[in-house]
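Here the structure is laid out as C-alpha cells; the discussion comes afterwards.
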Amino acid sequence: MSEIGDTKARPKDPVGRVLYLISKWMAVFGGVILFILAILTTISVFGRKFLDAPVPGDFELVAIGTGVAVFACLPYCQLMRGNVLVDFFMNNAPTRAKTIADIIAGLIFLAIGLMLTWRMIYGAIDMHDVNEVSMTIGFPRWSTFPISIVFMSFLVIIIIYTLGRSIAETRANRYFNE
C-alpha cells in the first residue's frame, strides 16, 4: 500500500496528472466534509451534556455527510494505489504476479463501481419520486445522490485508467515501486 507522501504511485503522464489533480481536490472536499461533521458532532455532544440541547438530527447529518465524503475520497485512493492492496501476500511475489493481481482486482473493482453507479442512479430517481426524507429533520435523502453519482462515475474513470496502467506494467514487466 502506498504510504502518505509516497510519490511512486503518483501518475506522471498528462492524463494521469489531470486525473490526480481532480481526485486530489475531491479528496480534500471529502476531508473538509469530515472536518465539518467532527465539529457538528462535538457541538452536539457538548450541547447534549451541558445544555441539554443536542443538534437535532446530528446522527442523520453525520451518516449522510460521511457517505458523500467516502465517495469523494475513493478516486484518490484508487489512483494512489490505496485501495484493496494485500501487501502481506504480494510483497515478495514476482513482478508479473503483482501486476496481474492488480489487473484482476481492477476488473473486479470496475464491475462493482459500474454496478453501484448504475444502481445509485435508479435509487436517486426512486427516492426523489417518493420524496423520501430522513426521519428526524426531514432532509430529502435523494439530494446527496447526484454528487455521489458524479464521484462514483469519476471513480469508474480512475479504475479504467489504473487498469490501463496495470496492463502497461505487466507488458513492461515492472511494478510501480520496484
Open item on the list: Only four residue types carry charge here, +1 at the Cβ of Lys and Arg and -1 at the Cβ of Asp and Glu. Report the dipole size of the range 21-126 about the Cα centre in Debye, rounded to the nearest 20.
Closed with: 340
TODO: Could you tally up the Lys pairs in the chain with alpha carbons closer than 26 Å? Skip any pair fewer than 8 positions apart unless they're on separate chains.
DONE: 5
Open item on the list: Under 5 Å between amide hydrogens, which residues at least 5 positions from Val133 or on another chain qualify, with H placed 1.01 Å from N in the peptide plane?
Closed with: Arg141
Open item on the list: What FRET efficiency comes out for Ala101 versus Ile157 if R0 is 30 angstrom and r is the Cβ-Cβ distance? Round to the nearest 0.05.
Closed with: 0.85
Task: Longest DSSP-loop-exposure-free segment, trypsin sites (Lys or Arg not before Pro), the chain, at most 15 other Cβ within 10 Å - done: 13-173
Task: Where only alpha carbons of the range 14-172 are counted, the Rg and the Dmax (Å) - done: 19.3, 64
Task: Cα gyration tensor shape of the range 90-165, rounded if a/c is under 1.5, else prolate or oblate by comparing a/b with b/c - done: prolate
Open item on the list: Placing +1 on the Cβ of each Lys and Arg and -1 on the Cβ of each Asp and Glu in the chain, which of Gly113, Phe154, Ala172 has its Cα farthest towards the positive end of the resulting dipole?
Closed with: Ala172
- [ ] Read phi for every residue in the range 135-141 and hand back ³J(HN,Hα) as whole Hz from Karplus 6.51 cos²θ - 1.76 cosθ + 1.60, θ = phi - 60°, with x for Gly and Pro.
- [x] 5, 7, 10, x, 6, x, 5
TODO: Starting at the first residue of the range 56-69, write each ³J(HN,Hα) from the Karplus equation 6.51 cos²θ - 1.76 cosθ + 1.60 with θ = phi - 60°, in whole Hz, x for Gly and Pro.
DONE: x, x, 4, 5, 5, 5, 5, 5, 5, x, 5, x, 5, 4
Task: Ranked Val133, Val156, criterion: other C-beta atoms within 10 Å, fewest first - done: Val133, Val156
TODO: Report, in deg cm²/dmol and to the nearest 500, the calculated mean residue ellipticity at 222 nm for the chain, where each DSSP H run with n ≥ 4 adds -39500 (n - 2.57) and the sum is divided by the residue count.
DONE: -24000 deg cm²/dmol
Task: Relative contact order (%) - the range 14-172, alpha-carbon pairs under 8 angstrom, separation at least six - done: 28
- [ ] Work out the charge dipole of the chain with +1 on the Cβ of Lys and Arg and -1 on the Cβ of Asp and Glu about the Cα centre, then indicate which of Val45, Tyr20, Pro75 is farthest towards its positive end.
- [x] Tyr20
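Quick note: the coordinates plus some simple rules give every number you see, no bench work behind them. The structure presented is a predicted model; accordingly, all values stated were derived computationally and were not measured. Note that each Cβ is placed from the backbone with ideal geometry, even for glycine, and that neighbours are counted across all protein chains shown.
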